[in-house]
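As structure tokens, the structure follows; a few thoughts come after it.
The values are calculated or read from the model by the stated rules, or taken from the named source; none is laboratory data. Bear in mind the structure is a predicted one, so any value in this text is a computation, not a measurement. All Cβ positions, glycine included, derive from the backbone under ideal geometry; neighbour counts span all protein chains shown.
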Amino acid sequence: MKKVRDVFWSYKKFQYKIEIISDNPNPDTLKDNIVYVVGGKQYIKWAYLKCPCGCNDIIMLSLDQKKYPSWSVKQGKLGQATISPSIDKLDGCHSHFFIKKGRLIWAQYSRNF
Ligand SMILES: [Zn+2]
């Protein structure tokens, strides 16, 4: 199974995949194109990802449905990430984008480009 997955990756069928980690990540070690979900199946609290525009900011999303705003993160068969709703960065670069089935879709081009 792992081999099939690697082949898909090498062909860049999708960009974003999910990695589940047990503790908050060290911001210096975050890789591009990975959505880090903190927790396990029983408790998921936060998702972290690097801003795709290249500004190097870390975006932190609350996955706690009882709070607002919150997001939901889904994992496809090959690990590809879907995040809903869209991610709208309110500070810094003001990026606004979707991640659907591992693909990055810009909602609008940032005024700061
Ligand atoms: Zn950015």
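A few comments on the model shown:
- Residues within the stretch 74-90 that are at pLDDT 95 or above and either of a type in the set (A, V, I, L, M) or farther than 15 Å from Ile34 by Cα (or both), tallied: 6
- Restricting attention to the stretch 41-70 and to residues that are closer than 19 Å to Ser84 by Cβ and hydroxyl-bearing (Ser, Thr, Tyr), the residue that is modelled with the lowest pLDDT turns out to be Tyr68.
- Taken over the stretch 79-98, residues that are near the ligand (Cβ under 9 Å from one of its atoms) and not basic (Lys, Arg) amount to 4.
- The set of residues from the stretch 53-82 being touching a residue at least 60 places away in the same chain (Cβ under 8 Å) and assigned to a strand (DSSP E or B) comprises Gln80, Ala81.
- If the condition is being closer than 12 Å to Ala47 by Cα and small (Gly, Ala, Ser), then the stretch 58-83 contributes Ser62, Ser70, Ser72, Ala81.
- Close pairs from the stretch 90-102: first within 14 Å of Ser72 (Cβ to Cβ), partner within 9 Å of the ligand (Cβ to nearest atom), Cβ under 9 Å, at least 6 apart: Ile99/Pro52
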